[in-house]
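The values are calculated or read from the model by the stated rules, or taken from the named source; none is laboratory data. The structure presented is a predicted model; accordingly, all values stated were derived computationally and were not measured. Heads up, the Cβs are rebuilt from the backbone with ideal geometry, glycines too, and the neighbour counts pull from every protein chain shown.
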């Protein structure tokens, strides 16, 4: 009988296989891009990047990941009855972010649940519910910024699809009857899992309307800072993106890079930047922008998250 809830993360070859597939997909996309754009042009563009804008972008990235996103998850947990400090929340998030170098498909989120179960007696299903609610808020904010930005840009695909998706997510966040209906359906179809489903959707049911509005505000701030990061890095490589199109197109980049088919969004992020900003800069500058966005927005925060591993392991022990 296993006593360590973390031990499952180290067992079996399936997680390693999935991670290898993600790395391979990212590698193939980047190889394809570099086959079209000389690597020497990328080196030259990055080497001449503006240091001031790079530092500002790094500060925005760390503030977004370490402060705003951390406070949002702390508030979600508090609203669900698990009150932990900002410092402890930051420790958990930082450690889990660094785990994403080794675990595929956001499996590091399971570590969050295991930690809260061990240290605070918070049910694993409820902790996973907080993560699910957090991801739903992020998707809501991404679509919200995209739809708002569409007033300033014309794209060749039906925006109604995104509007409908946004409306559906609004129902999921604010309308409790959606989840009551899901539980009733689960009870009728498969009663044995109804209890688990009830806990997994607890965040959507138990968090008050007022708290949800506040959490949506945090999510919008996170999304705006994501777009600001792209803008600052674009200035760093002398790419001047029109401010009117940036919210919609930047949100598309964030959405594409969050799809779990690549390693930390690498490859998907660069490809999406090349596609959506193709009219505004040469390819070598856009690929440089994509690589810098991956490094500053994804890789460096995860590397710095390793700072909290000592404290995290001590608490676990």
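Some values worked out for this structure:
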{"item": "Entirely in region 208-313, the helices (runs of 4 or more DSSP H) that have 2 or more residues that are out of contact with any strand residue (DSSP E or B) (no Cβ under 6 Å at 6 or more places or on another chain), farther than 24 Å from residue 50 by Cα and modelled with pLDDT of 95 or more", "result": "209-236"}
{"item": "Boolean, residue 229 is surrounded by fewer than 17 Cβ atoms within 10 Å (Cβ to Cβ) and in contact (Cβ under 8 Å) with a residue 24 or more places away in the chain", "result": "no"}
{"item": "Which listed residue is crowded, with 17+ Cβ neighbours inside 10 Å and not in a helix (DSSP H, G or I), from 82, 91", "result": "82"}
{"item": "Residue count for region 34-59, restricted to those that are in contact with a helix residue (DSSP H, G or I) (Cβ under 6 Å, 6 or more places away or on another chain) and part of a helix (DSSP H, G or I)", "result": "9"}
{"item": "Residue in region 53-70 that is nearest to residue 217 (Cα to Cα), counting only those that are in contact (Cβ under 8 Å) with a residue 12 or more places away in the chain and surrounded by fewer than 17 Cβ atoms within 10 Å (Cβ to Cβ)", "result": "68"}
{"item": "Which numbered condition residue 171 fails, given (1) over 30 Å from residue 286 (Cα atoms); (2) at pLDDT 80 or above; (3) surrounded by 15 or more Cβ atoms within 10 Å (Cβ to Cβ)", "result": "(3)"}
{"item": "Matching option when the condition is more than 19 Å from residue 62 (Cβ to Cβ), in a helix (DSSP H, G or I) and in contact with a helix residue (DSSP H, G or I) (Cβ under 6 Å, 6 or more places away or on another chain), among 96, 131", "result": "131"}
